[in-house]
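Structure record follows, encoded as structure tokens.
The values are calculated or read from the model by the stated rules, or taken from the named source; none is laboratory data. In this text, all values refer to a predicted model and were calculated from it rather than measured experimentally. For neighbour counting, all protein chains shown are included, and Cβ atoms are generated from backbone atoms with ideal geometry for every residue, glycine included. Quick note on the areas: whole protein, heavy atoms, side chains included, nothing else; ligands and nucleic acids left out. Shrake-Rupley method; radii C 1.70, N 1.55, O 1.52, S 1.80 Å.
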Amino acid sequence: MTAMRPIPVQIPILPEVVAGLRVGDFLEISGQMYAGRDAVLPKIVAMSEEELAAKGIHLDGGVIFHTAVSVAGVGPTSSSKLEIEESIEPLSARGVRIHLGKGRLKADTMRALHVYGSLFAVTPPSTALLTDRILASEVAAFPELGMEALYRLRVDRIPAVVAILHGQSIFEQQAQRGQVYGDLTRKDQRGNG
């Protein structure tokens, strides 16, 4: 089996870059991204363009990594948490091209990603690897939230796999092949579950 070659993706991301990707592509994302989760993302959604600009927050062509930032490092949190998943559509409408996290998303969220030309990618929950790829971090907004504030990260080659794009989902493809984990059993090559 041939190893997948990573596709380098530089932030800010142009719409044509997203248009040229497909579900299952392995990405290495570099540049300045934002990190936030359920405490801060609804606050970012509620901010006007002027308020965001006053804090130096530029979402167009951006990446939102669903994580907190702490001295222990970073790792993806479940993107299906209500406050996080509900932020995906309005942030995509404002130009966020990649939402980076883990887990399945609802069909309505998949449609919204498609409408706005955005994608959802999953990244390995490996704190040591991800933290090693962060070159710099600073609080961008809501410092009173501590590690759950919105952070601006400068990153180099954060690994990710495109999970939802163009109305397609890697999770649905896996389910169709019988490769679903959790409360469902995986079928082996003989069809035995």
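Across Glu50, Glu172, Glu148, mean-square fluctuation computed from a Gaussian network of the chain (C-alpha pairs under 10 Å connected) peaks at Glu50. Close amide H pairs (under 5 Å, H built 1.01 Å from N) link Asp38 with no residue at least 5 positions away or on another chain.
Using heavy atoms of the protein chains and a probe of 1.4 Å, the accessible area assigned to Ser70 is about 50 Å². Note on the chain: Lys pairs 8 or more places apart or on different chains, Cα atoms under 16 Å apart, count 4. The figure for Arg111 is an accessible area of roughly 130 square angstrom, using a 1.4 Å probe on the protein chains alone. For the chain, modelled as a Gaussian network with Cα springs under 10 Å, which listed residue fluctuates most, Thr67, Thr127, Thr109? Looking only at Thr67, Thr127, Thr109, the biggest GNM fluctuation is shown by Thr127. Each of Asp25, Asp60, Asp156 has its accessible area taken with a 1.4 Å probe; listed largest first, they run Asp60, Asp156, Asp25.
Compared with the direct C-alpha span, the chain from Asp108 to Asp156 gains 14.1 nm at full extension, assuming 0.36 nm per residue. The residue list Val23, Pro42, Leu145 was ranked by how far each Cα lies along the charge dipole of the range 1-152 toward its positive end, using unit charges on Cβ atoms, and Val23 comes out on top.
Taking a Cβ cut-off of under 12 Å around Arg5, the surrounding Lys, Arg, Asp and Glu residues balance to a net charge of -2, with basic ones at +1 and acidic ones at -1. Centre-to-centre, using Cα atoms only, the range 1-72 and the range 101-178 are separated by 7 Å.
In the chain, helical runs assigned H by DSSP with n ≥ 4 each contribute -39500 (n - 2.57); averaged across all residues and rounded to the nearest 500, the mean residue ellipticity at 222 nm is -7000 deg cm²/dmol. Ordered by solvent-accessible area of protein heavy atoms (1.4 Å probe), largest first, the residues Arg157, Arg22, Arg5 come out as Arg5, Arg22, Arg157. Relative to the dominant Cα principal axis of the chain, helix 82-93 is inclined by about 80°. 3J(HN,Hα) couplings calculated from phi for the range 103-120 with the Karplus curve 6.51 cos²θ - 1.76 cosθ + 1.60 (θ = phi - 60°) are, in sequence order, x, 6, 10, 5, 4, 4, 5, 4, 4, 5, 4, 5, 4, 9, x, 10, 9, 10 Hz; Gly and Pro show x. For the chain, a simple Cβ point-charge model (Lys and Arg +1, Asp and Glu -1, everything else neutral) yields a dipole of about 720 debye relative to the Cα centre. The gain in end-to-end length when the Val115 to Arg22 segment is fully stretched comes to 31.9 nm, 0.36 nm per residue minus the alpha carbon separation. Here's the picture: a label point sits 7 Å out from the Cα of Leu82 along the beta-carbon direction, and within the range 99-126 the residues with their amide nitrogen under 16 Å of it are 106.
Just to verify a number: FRET efficiency for Leu145 and Ala54, C-beta to C-beta distance, R0 = 22 Å, to 0.05? After rounding to 0.05, the efficiency reads 0.75.
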